[in-house]
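**Student:** One structure coming up, written as C-alpha cells, with questions to follow.
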Amino acid sequence: MIRVLFDVDETILSLEPGINRDASAVMFKKVFHVDTHEEIIDNVGKTEMGIIQEVLEKVGVRQPVTEQESFFTEISDEAYKIWAQATADELETRPPRVLPGILELLTALSKNPLIQLELLTGGSYWRAEEKLKSVSLDKFFRDSNSNQLRGAFGNMADRRDNLFDIAAQQASPEDRFVIVDDSLIGARMAKEHNIPVLMVATGKATEQELRPFTRHVFPDFGDNRWQEAVKIITKQ
Ligand SMILES: [Mg+2]
C-alpha cells in the first residue's frame with residue numbers, strides 16, 4: 001500500500017491571517033495564564049507540542065529543556081483541545097480556503113484501492129480535525145472502522161521528524177510512503193528519511209527554496225497539475 005502523508009496548513013487549506021495566532025492566544029491564556037501567542041516564534045512546520053514548549057520558554061514560564069527531556073514533555077490533552085475549540089470558533093465565521101486542485105487530488109487518490117490517505121501535520125489531532133471538518137475534507141482521512149483520522153499529529157511529538165517515525169510505526173514493512181507538504185521543515189524531514197516528496201509552494205517557502213529537496217515542486221495543484229501529482233504518487 002502507498003501511504004500518502006498530507007500536511008494541513010498551507011498544503012490542503014489556508015487560514016485567514018490571524019486565526020492561528022488568536023486561537024493560540026486563547027489557549028495560552030486559559031491553560032498557562034500568559035498573554036502570548038504562537039507567532040512570537042518561527043512556528044512554520046513545527047508541532048503543537050514543540051510550539052507550546054518553545055513559546056513558554058521564550059516568555060520565561062518554562063526552563064529550556066535538553067533535547068532528550070523535551071521529547072518526553074507532557075502537555076495535557078486539555079491544552080490541545082482548548083486550542084482546537086478556539087480555532088473552530090474562529091473558523092465558523094471565517095472558513096479556510098481549500099487550496100487549488102486539492103479536492104480533485106484527494107478525490108482521485110481516494111479512488112485508488114492501493115492508496116491510503118493519511119495526515120502528517122504539526123497540528124494536534126483535534127485542531128487538524130476542526131480545520132478539515134470546516135471544509136468537509138475530513139472524510140478522506142477517516143478510518144472506515146474507527147472513524148478516527150489516520151496519521152501522526154502535533155500532539156504526539158515535539159519535532160516533525162519524530163512524527164514520521166510515528167507514522168512509520170503504524171505501517172506494515174511492505175508499505176511505502178509519499179509526503180505532500182509546503183514547508184522547509186517538511187522537505188528536510190522527507191529527505192532525511194529518504195521518502196519521496198511532493199512539495200507545493202502554497203506556503204511561506206518558494207519554489208526556488210523547495211527545489212533542492214525534490215524535483216517534484218508544484219506552484220499549487222490547480223490548472224490540472226493535480227493529475228501530474230497523481231501520476232507521480234501512483235508510480236512510487
Ligand atoms: Mg504546512
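**Student:** Taking the Cα centroid of region 81-98 and of region 122-177, what is the distance between the two, rounded to the nearest whole Å?
**Tutor:** After rounding, the separation between the Cα centres reads 18 Å.
**Student:** Kindly provide the pair-distance distribution of region 19-93 built from C-alpha pairs, with 5 Å bins from 0 and whole-percent values in order of increasing distance.
**Tutor:** Reading upward from the zero bin: 3, 16, 28, 27, 17, 6, 2, 1, 0.
**Student:** How do Thr93, Thr47 line up, fewest other C-beta atoms within 10 Å first?
**Tutor:** Placing the least packed residue first, the sequence is Thr93, Thr47.
**Student:** Next up: Relative contact order, percent, of region 83-225 when contacts are C-alpha pairs under 8 Å separated by at least 6 residues?
**Tutor:** 21 percent
**Student:** Let me have the relative contact order for region 19-93, percent, based on Cα pairs under 8 Å that are six or more residues apart.
**Tutor:** 41 percent
**Student:** How much of the DSSP beta bridge set in the chain is antiparallel, as a percent to the nearest 5?
**Tutor:** Numbers: 3 of 21 bridges.
Around 15 percent antiparallel, to the nearest 5.
**Student:** Of Pro196, Pro95, Pro173, which has the largest mean-square fluctuation in a 10 Å C-alpha GNM of the chain?
**Tutor:** Per the Cα network of the chain with a 10 Å cutoff, Pro173 tops the list.
**Student:** Percent of Cα-Cα pairs more than 29 Å apart in the chain, please.
**Tutor:** Taking all Cα-Cα pairs of the chain, the fraction more than 29 Å apart is 24 percent.
**Student:** Next question. Between Asp89 and Asp165, what is the FRET efficiency for a Förster distance of 41 Å, r being their Cβ-Cβ separation, to the nearest 0.05?
**Tutor:** Numbers: r = 33 Å, r/R0 = 0.80.
E(calc), rounded to 0.05, equals 0.80.
**Student:** Select from His37, His216, His193 the residue whose mean-square fluctuation is largest in a Gaussian network model of the chain (Cα-Cα springs shorter than 10 Å).
**Tutor:** Checking each option, the largest mean-square fluctuation is seen for His193.
Readers should treat all values here as calculations from the given coordinates under stated rules, not as data from a laboratory. Please read all numbers here as calculations on a predicted model, not as lab measurements. In this analysis, Cβ positions are derived from the backbone assuming ideal geometry, glycine residues included, and neighbour counts consider all displayed protein chains.
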